[in-house]
Amino acid sequence: MNSEQQYIDLYKQARGMIHEHSSDVMNSVRDEAFERFMSSGFPTRKVERYKYTDIQQLFAPDYGLNLNRLTIPVDPYNAFRCDVPNLSTSLYFVVNDVFYQDEKPKGHLPAGVIIGSLKDFATSAYYNQLAGKANDATTDLNTMLAQDGLYVYVPKNVKVDRAIQVINILRSDVDLMVNRRVLIVLEEGAELKMLFCDHAADDRNFLATQVIEAYVGANASLDLYCLEETHHKNVRVSNVYIDQQRDSRVNHNVITLHNGVTRNKLDLTFSGEGAECQCYGCVIADKHQHVDNNTLITHKVPHCTSNELYKYVLDDKAVGAFAGRVLVEHGAQKTTSQMTNQNLTASKEARMYTQPMLEIYADDVKCAHGSTVGQLNDAALFYMRQRGISLEEAKVLLQNAFINEVIDKMQLEPLRDRLHYLVEKRFRGELNKCKGCQLCK
């Protein structure tokens, strides 16, 4: 049986239950997503954007799903205390794929700002408008099965000074699949900083699909940080869709410190002139970890700027992949784009696949791309050892310096300082000795 057949059968059998525990807005697009999924099935490695990750294999196991929305006992404040020193945040929780409403966060939000359950607040004007056009089977599967999630709305010209921190907690006594959904809407002139932290509270096999849709209005600003620090039994398939209007600004940062298998996809579209985005990623992987980042930035209009920098450090038998594509459509003159992917392999068994691409249909642009795969500099190692530094310590220092270029570009200074500390611990192997996310240690 193909991997997708179990999900086709599941939806047919449990459609009524799925609808019962969700909302009309979310239910209205399920059947259409189901038809697309049933027609296409999961992508194979022959599909260009999925050539580095075997999606069918990831979805083949028989995971449990909480479609009847049974209450899973959890105190998120005890399960996860995430304290970044000097970073003032409004803290929210999503337990598996349900917005946690039992306790309201401390801190006052500006008037008109909404942060709450997706099934309670989502509107058809925004929900699935980006994801529904993606022609992506894993996104359609999420749309079929997701029953709740997180909704964030910032009205016109409102600036949210406190960063919004969302802790995604995976909690189960059995192997579990969760389908998490996030919808972010920023009106004209709005400003928002969001930090997502993924954490697994139990030593179980988890499969998490995630779809984030973000609408960034004219002259609005969105900083989006996604930090994954789970465990080797966790599979994460995340699809992020961002639409930018005139003169908007987006900073998108994805950090993978510890995981099992991770597949991140980013589709960002410039729909208004004068917009800009900065997309950064850093990956530290060892043992048998697998991290695949795939990006598509589409310049539909003139005078937009995109910049991408992704860095990987791979050890043991880890596998990394980066495939980035910048599409400059007809008429998108005065486009500026830079894409860079740099990678270190610290062992002979580690593997890195890199594929930067430019597709340009305009003649007045400044676009460049490049990638490197190498090992630590022997001359630098020799120089440091001559000064009494051990080989292992020299490797840690060089790897730290390499990856810190990405962290230094992050706008939240307290988070940046904390990540410097965590990255060093990660290179020294200290995070692997602990369970779950270490941001609170």
Going through (1) in contact with a helix residue (DSSP H, G or I) (Cβ under 9 Å, 6 or more places away or on another chain); (2) assigned to a loop (DSSP other than H, G, I, E, B); (3) modelled with pLDDT of 95 or more one by one, TYR52 fails only at (1)
Of these, HIS288, HIS303, which one is at pLDDT below 95 and either open to solvent by 10 Å² or more (accessible area, probe 1.4 Å) or assigned to a strand (DSSP E or B) (or both)? HIS288
Scan of the range 133-146 for residues that are out of contact with any helix residue (DSSP H, G or I) (no Cβ under 6 Å at 6 or more places or on another chain) and crowded, with 18+ Cβ neighbours inside 10 Å, ordered by number: ALA134, ASP136, THR138, ASN142, LEU145, ALA146
Exactly one of (1) surrounded by 20 or more Cβ atoms within 10 Å (Cβ to Cβ); (2) not in a strand (DSSP E or B) is unmet by ASP316. Its number? (1)
Which one is farthest from ILE242 (Cα to Cα), of the residues in the range 126-146 that are part of a loop (DSSP other than H, G, I, E, B) and at pLDDT 95 or above? ALA146
So THR295, is it open to solvent by 10 Å² or more (accessible area, probe 1.4 Å), over 14 Å from MET352 (Cα atoms) and assigned to a strand (DSSP E or B): no
Looking at the range 1-49 only, could you name the residues that are outside any helix (DSSP H, G or I), β-branched (Val, Ile, Thr) and touching a Phe, Trp or Tyr at 6+ places or on another chain (Cβ under 9 Å)? VAL29, THR44
TYR11: among the aromatic types (Phe, Trp, Tyr), over 19 Å from GLN129 (Cα atoms), out of contact with any strand residue (DSSP E or B) (no Cβ under 8 Å at 6 or more places or on another chain) and at pLDDT 95 or above, yes or no? yes
Per-region count, the range 240-271, residues open to solvent by 10 Å² or more (accessible area, probe 1.4 Å) and over 15 Å from the mean Cα position of the chain (by Cα): 7
If you go through the range 363-389, how many residues are touching a helix residue (DSSP H, G or I) at 6+ places or on another chain (Cβ under 9 Å), in a loop (DSSP other than H, G, I, E, B) and open to solvent by 40 Å² or more (accessible area, probe 1.4 Å)? 2
Considering only residues that are buried (at least 22 other Cβ atoms within 10 Å of the Cβ) and in a strand (DSSP E or B), which ones fall in the range 326-340? VAL326, VAL328, THR335, SER337, MET339
Those residues of the range 20-39 which are more than 24 Å from the chain's Cα centre (by Cα) and open to solvent by 40 Å² or more (accessible area, probe 1.4 Å) amount to GLU20, HIS21, ASP24, SER28, ASP31, GLU32, GLU35, MET38, SER39
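The values are calculated or read from the model by the stated rules, or taken from the named source; none is laboratory data. Every value quoted in this text rests on a predicted model; they were computed, and no experiment measured them. Neighbour counts run over all protein chains shown; Cβ positions are idealised from the backbone, glycine included. Areas reflect the complete protein model, heavy atoms only, side chains present, ligands, DNA and RNA absent. Shrake-Rupley method; radii C 1.70, N 1.55, O 1.52, S 1.80 Å.
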